[in-house]
Amino acid sequence: MNAPDPVVWFFLLGVIAGLLRAELRLPPAIYEFLVTILLLAIGIKGGIELARQPLGELLLPILAVAAMGVVLPLLAFPILRLGRLARADAASIAAHYGSVSVGTYAVAAAWLYGRGIPYESWMPVLLVILEIPAIIIGVLLARGLDRHIRWREMGREVLLGKSIVLLFGGLLIGWVVGEAGIAPLKPLFLDLFPGVLALFMLEMGLIAAGQLGALRRSGLFLLGFGTLMPLASGLIGALLGLWLGLSLGGTVLLATLAASASYIAVPAAMRLSVPEANPTLSLTAALGITFPFNILIGIPIYMGIAQWLQT
């Protein structure tokens, strides 16, 4: 059995340090810097490869993944309502689980790279696409077709949010300048990527440890949902990858994207459009349960699912 990847050990260090209440916390400015580098690097790498692809060939995967971003929160919402959560809370959590975790994607990509498993280089395009539909569905689930929804403000919050701007901006830069043009920046955005990801995971471990108190207050339902929903969503993503004819690595990444839950873009959008939703519930489920589950257990499971489907 392979030992856990170094980034997983950094995550575990953060969790243990957080549980022990150690004097360990990255300064906010450093954390923001790491997130910026991480998002730009993922976008740039995808953009470089996107320049090598006929755009017409990506239309079907883009539409299919956008549709998945609509279906997943619609599946999650009635399950959450069965758990007797308020409508606004169920809609908010469903939106988190229909969207995507950039950190989980980065770990999955590093996991595949460490095992020499190739995948479609344009997968970051799907990462950007999957950020958006679930937010719209989440607001509609909470509000219905309410004419008082502030669509313009929500659209601005979503499309001009940090994660979308940096991911899409990185994609555009990589696509325009290509591999040769990005060479002077390679040491920062590409060579240092594993180290940046490790430090990011350290901070994620600290944050995840801080959510465990809320988990005790929220009961077993969120624990069950936060572990079982990713498995169901991961299977859907793997089946979609099989249907799209993706490689083994691409299918694993799409399953991981489907199984992940947002903790950057969606919380900001829900805070604006569904302010009555309790953000503690959403972050506890997404960051305190599902993120560790995917990092420690989920990715190998999605690998097994993808291998089983492609045999």
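The values are calculated or read from the model by the stated rules, or taken from the named source; none is laboratory data. None of these values were measured; they are calculated from a predicted model. Glycine also receives a Cβ, built like all others from the backbone with ideal geometry; neighbour counts cover every protein chain displayed.
For residue 119, state whether it is without any contact (Cβ under 8 Å) to a residue 40 or more places away in the chain, under 20 Å from the mean Cα position of the chain (by Cα) and surrounded by fewer than 22 Cβ atoms within 10 Å (Cβ to Cβ). So residue 119 fails the test. Only residues that are small (Gly, Ala, Ser), closer than 20 Å to residue 124 by Cβ and crowded, with 17+ Cβ neighbours inside 10 Å: list them for region 222-247, please. If the condition is that a residue be small (Gly, Ala, Ser), closer than 20 Å to residue 124 by Cβ and crowded, with 17+ Cβ neighbours inside 10 Å, then 233, 234, 237, 238, 241 are the ones that fit. Taking the criterion of being hydrophobic (A, V, I, L, M, F, W, C), modelled with pLDDT of 95 or more and surrounded by fewer than 24 Cβ atoms within 10 Å (Cβ to Cβ), the only residue of region 248-270 that qualifies is 248. The residues in region 66-85 that are over 18 Å from residue 258 (Cα atoms) and crowded, with 23+ Cβ neighbours inside 10 Å can be counted, and the count is 1.
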